[in-house]
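Values quoted throughout were computed directly from the atomic coordinates according to the rules given, and no laboratory measurement underlies them. As the structure is a prediction and not an experimental result, all values here were calculated from the model. Every residue, glycine among them, receives a Cβ derived from its backbone with ideal geometry; neighbour counts consider all protein chains shown.
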Amino acid sequence: MNKSLMVALVVLVLLRLTPFLWTYTVFSTDTWPLIKDSVILASNSSIKVFDDRVFDGYHNRWPGVMLSSSMLSLVAGVDLCSVYAVLMVMVLNTALILCFYAVSKRLGGGIASAILMASFPSLVVFTSATLKEVYSYPIMASTILLVVSSSSLKPLLVLFPLASLAQVLSHPLSAVMEASILANTVLIGLLKYLRDRASSLQLVLKALLYTSIAAPISLAYMKLLASKSISVAVKYPSVLGVLGFFAILDSLYVFARLDSPRLRGVKLGVLTLIASITVLVAASFLHMTPYNYDTAGILPYIAGSLILLSTPREDSTISAATAISVSGALIYAYTSPGLGSLIHRVLNYLSFYLGFSIIKGRASKAYSILGLAVASVIMLQLLAGYDTVSFYWLYTRSDLELAGFLESYANGSRIVADEKLYYLSMYTGSIHVDTEAVRGLLSGSYKCRSSVIALYRDNTLKGFALGSSVYGMTSSARRLLEASSLVYSSPTHKLYSCTG
């Protein structure tokens, strides 16, 4: 293995392990319900993974990470918390970085592309946890590697269906993003070929083959076997809406980058398409409610992302397709009611744009060092307590002790707390946490009704994590807390008994 790649790999994987090394607990709210389901699965191999009476009816519908973690726990003889916090983080990130390095080499780039991808600020934090979507990233990168490296279509007739099924079993968004990236690769590659034979027709054929296989498999799975919340959301109008946004962005790319006499007829058709879709989209906006995303505290992420995205690079066909796919998905998520929570997840795929770009030359080492520096700063601010976006993903031993104390103290009473304690309670299963009551607490409309209000220090300093936003402490909430009885106090947590 390349020495520089080995050093970068060790640094990037260690960075992702620092939340665990700092706290010795599992990182990320979303990990706790996965661990619970994995414990159930590992304890009884006869259980059917799609049995919603045993599992939560959501995470078990994309069981890839659950199955792998359970098997690793049984084979290695390691408890599942350690598997999720350490082993899977190491395995998944190592596989992801190596796959992107292989893709970059095939595209004509080098190690810098893989390092910048793995150093992307939001991805550094996100991939420090073992989540369904994180599990899907190496599968996605492996599929792209097959597309850019395989010289024959015959093996792909077997490998592509397997890759598509593995992808959709892992996470719905990554399955959609991969299909859209390769669908846009078909269009852009074809247009480049028509322009000056600059793109390989074999790349177009392989991308088209995967899209043709993956699209029906993904749609069928999401309609028949996925969680009800997803199967209901997958409707033909929504699919057409996404295709409309992609058509607009592909058209803009054609006009901006693919200027050629050979494409004049194509451009005329595209112009007509743009006009038609613009009218439809303008009309649809009358029925859409934009999602107000809380941007407080994201400046370090924005600054780090812009620094990496501004590094000189050469676009490949797949990187251009990735940029279009991410842009279209962001526009659709932002303008569609109920999909605002997807925005931060879609932004992670900008890192894939960096990974699929071509960065080479003397400056590539400097860009690699820059990427590692950005990743280190992002992780340092999280551990030092300055992060105001992902702070509630960081659990400590005292958080676990609080959950244990509430198990005996609350005695079945309702516990008012934000999502940090709520997700932990999904793992313990012994306390009832009401996150909706927090909204009433902050607005001043909350009625106590014999409940316990649980606060951790960051609630006062940074706010309450609810949905995809963080809401600051209000004067109404302070007044209610002052009128309640303080029954427990430590440097990190406070419990109030509210009986009014």
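Side notes on the structure shown:
- Lys, Arg +1 and Asp, Glu -1 on Cβ, resulting dipole of the stretch 347-500 about Cα centre, debye, nearest 20: 420 debye
- Peptide ranges 20-26, 82-88 listed from the most packed, as the mean C-beta count within 10 angstrom indicates: 82-88, 20-26
- The Cα atoms of the stretch 135-192 give a gyration tensor whose axes a ≥ b ≥ c have a/c of 1.5 or more with a/b no greater than b/c, which makes the shape oblate.
- The stretch 396-498: relative contact order in percent, alpha carbon pairs under 8 Å with at least 6 residues between: 26 percent
- Spin-label pair ALA95/ALA384, simplified geometry with 7 Å Cα→Cβ offset, distance in nm: 3.5 nm
- Cβ-based exposure ranking for THR435, THR18, in which fewest neighbours within 10 Å come first: THR18, THR435
- Pairs from LYS360/LYS420; LYS360/LYS462; LYS132/LYS154; LYS48/LYS420; LYS36/LYS105; LYS223/LYS360 whose Cα-Cα separation, in the structure shown, is over 32 Å: LYS360/LYS420; LYS360/LYS462; LYS36/LYS105; LYS223/LYS360
- Each listed q (0.15, 0.18, 0.19 Å⁻¹) maps to a log10 I(q)/I(0) for the stretch 396-498 from the Debye sum over equal C-alpha point scatterers, namely -0.53, -0.80, -0.90.
- Shape analysis of the stretch 336-385 based on the Cα gyration tensor places the equivalent ellipsoid semi-axes at 27, 20, 4 Å, largest first.
- Sequence of VAL75, VAL487, VAL54 once ranked by neighbouring C-beta atoms within 10 Å, starting from the fewest: VAL75, VAL487, VAL54
- The separation of the stretch 168-196 from the stretch 10-39, counted between C-alpha centres, amounts to 31 Å.
- Taking all pairs of distinct alpha-carbon atoms in the stretch 46-167, Kirkwood radius in angstrom: 16.0 Å
- Order of ILE115, ILE248, ILE453 - criterion: other Cβ atoms within 10 Å of each residue's Cβ, fewest first: ILE248, ILE453, ILE115
- Of the chymotrypsin sites (Phe, Trp or Tyr not before Pro) in the stretch 384-460, the ones in a loop by DSSP (not H, G, I, E or B) with at most 13 other beta carbons within 10 Å are TYR386.
- Among 133-140, 325-332, the peptide with the highest mean count of other Cβ atoms within 10 Å heads the list, and the full ranking is 133-140, 325-332.
- Other-chain or far-sequence residues with amide H under 5 Å of HIS432's (modelled H): ILE415
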